[in-house]
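S.K.: Before we start, here is the structure in question, set down as structure tokens.
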Amino acid sequence: ADFDAKKKRKVAEIYQALNSDPIDVATLRRMAISEGGLLTDEIRCKVWPKLLSVNTDDLPPLPAGKELREDNKDYQQVLLDVRRSLRRFPPGMPDDQREGLQEELIDIILHVLKRNPQLHYYQGYHDIVVTFLLVVGDRLATALVEKLSTHHLRDFMDPTMDNTKHILNYLMPIIDQVNPEVHDFMQSAEVGTIFALSWLITWFGHVLSDFRHVVRLYDFFLACHPLMPIYFAAVIVLHREQEVLDCECDMASVHHLLSQIPQDLPYESLISKAGDLFVQFPPSELAKEAAQAAQAERTAASTFKDFELASVQQRPDTVLRQRFRERLRGEERTKSILTKPRTNRFVKLAVMGLTVALGAAALAVVKSALEWAPKFELQIFP
């Protein structure tokens, strides 16, 4: 009964914020973040547009699907992804209803892409769009998704993955601030951050099987800074500290463990923890370490290119040995420069990891999988 009373109070507060003039967006944000989020889809239909400052009074009519589909360069890929999205619809939904929604899903995506030629479709985008479609219906979903795509999701929709990688580079510095032991373990295992890619670019829609948890997270993310999903990813890893530390310290084992997301996470406490971390360690403070991580990533990627180059040439051994010697010399220099204040440990570990990367092609491939996204689609999106 106590819970019901709390819920009633919260609903009343949300409606009061919606009805005040001007609308009290600050309160709506607070409600979306605090325990239970926005509670019902009916409320989400009213509050989500306010969080994204979308005017619901003059929503543009949706164009007819046929015009959109003719000569659209993304149509085939969108069609494939949407066909594969069966598990994102409520179990037990009649086939014809689901098929109707899948058609709407294709239209929304193509509509947004057509109106914003600067945006590039990526695999996983449909996981975000379907969440909006199921909660608010097609017309409103189109307006919200368009706003989201030009703001929160903008970095994922660039022609290259550079900005997405940049966001992933915040993951390790956040973990480092909270739990250096987990951070160092992950660095030693050279697991990288690819395991969190599908979490980030689908706002966890692709990996969580319970729709209620997905929309609860969307309440949270819509009310927060666009980098909040990466803080939430860090909090999931930190929550699994024991499992991580008990794991074999090698890339394959740690990557496998982390990419299987547990479905019974304590969402409310993780959400409040992510919020706390954001306040304690805002992105501006982590930017320097994220940039250093990026530096290291770039080096790993170039190592992989060396590796490819060497394998096409006649005498790979000599090329590799020569590069390896140059790298060792460079590394000696780097080691003498880098003594061990906290921030430098990052760079140092990354540099040390390079020698290993040369010896192990597989490692380099996963490290630079983002450079080679097409080859890796299957692993990233099972």
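The values are calculated or read from the model by the stated rules, or taken from the named source; none is laboratory data. Just so you know, these numbers come straight off a predicted model, no measurement behind them. As a convention, Cβ positions derive from the backbone with ideal geometry for all residues, glycine included, and neighbour counts pool all protein chains shown. When the accessible area is computed, the model is the full protein with side chains, heavy atoms only, and any ligands, DNA or RNA have been set aside. Shrake-Rupley method; radii C 1.70, N 1.55, O 1.52, S 1.80 Å.
S.K.: Can you run down the residue pairs with Cβ atoms below 6 Å, 6 or more apart or on separate chains, where the first is in the stretch 1-14 and assigned by the TED database to the domain that holds VAL47 and the partner is in a helix (DSSP H, G or I) and open to solvent by 100 Å² or more (accessible area, probe 1.4 Å)?
M.R.: Every condition considered, no pair remains.
S.K.: Let me ask another. Based on what the data block shows, is HIS166 part of a helix (DSSP H, G or I), surrounded by fewer than 22 Cβ atoms within 10 Å (Cβ to Cβ) and not charged (D, E, K, R)?
M.R.: On the way: part of a helix (DSSP H, G or I): yes; surrounded by fewer than 22 Cβ atoms within 10 Å (Cβ to Cβ): yes; not charged (D, E, K, R): yes.
Taking the combined requirement at face value, the residue satisfies it.
S.K.: While we're looking at this one, here's another question. If you go through the stretch 32-46, how many residues are touching a residue at least 60 places away in the same chain (Cβ under 8 Å) and either at negative phi or open to solvent by 80 Å² or more (accessible area, probe 1.4 Å) (or both)? If you could, list the steps in order and put the result at the bottom.
M.R.: Kept after step one, since they are touching a residue at least 60 places away in the same chain (Cβ under 8 Å), are these residues of the stretch 32-46: 32-33, 35-38, 41, 44-45.
Going one step further and asking which of them are either at negative phi or open to solvent by 80 Å² or more (accessible area, probe 1.4 Å) (or both), we end up with 32-33, 35, 38, 41, 44-45.
Result for the stretch 32-46: 7.
S.K.: Can I ask one more? If we keep just the residues of the stretch 279-296 that are buried (at least 20 other Cβ atoms within 10 Å of the Cβ) and within 18 Å of the chain's Cα centre (by Cα), which is farthest from PRO173 (Cα to Cα)?
M.R.: My answer is ALA293.
The rows are residues; the columns are (1) crowded, with 23+ Cβ neighbours inside 10 Å; (2) part of a helix (DSSP H, G or I).
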| site | (1), (2) |
| --- | --- |
| VAL145 | yes, yes |
| MET172 | yes, yes |
| MET186 | yes, yes |
| TRP203 | yes, no |
| ARG212 | no, yes |
| LEU222 | yes, yes |
| ILE236 | no, yes |
| HIS255 | no, yes |
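Residues are listed down the side, and each one gets a yes or a no for (1) within 26 Å of THR202 (Cβ to Cβ); (2) not in a helix (DSSP H, G or I):
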site: ALA5; (1), (2): no, no
site: LYS10; (1), (2): no, no
site: GLN16; (1), (2): no, no
site: PRO22; (1), (2): no, yes
site: LYS50; (1), (2): yes, no
site: PRO61; (1), (2): no, yes
site: PRO91; (1), (2): yes, yes
site: ARG98; (1), (2): yes, no
site: LEU110; (1), (2): yes, no
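S.K.: A further question follows. Tell me which of these VAL182 doesn't satisfy, since it passes every other one: (1) in the same structural domain as ARG44 (by the TED database); (2) open to solvent by less than 20 Å² (accessible area, probe 1.4 Å); (3) in a helix (DSSP H, G or I).
M.R.: (1)
S.K.: Continuing with this model, one more query. Being surrounded by 16 or more Cβ atoms within 10 Å (Cβ to Cβ), without any contact (Cβ under 8 Å) to a residue 24 or more places away in the chain and in contact with a helix residue (DSSP H, G or I) (Cβ under 7 Å, 6 or more places away or on another chain) is true for just one of ASP24, ASP107, ASP127. Which residue is that? Before the answer, list the steps.
M.R.: Working: ASP107 fails: without any contact (Cβ under 8 Å) to a residue 24 or more places away in the chain; ASP127 fails: without any contact (Cβ under 8 Å) to a residue 24 or more places away in the chain.
Answer to the selection: ASP24.
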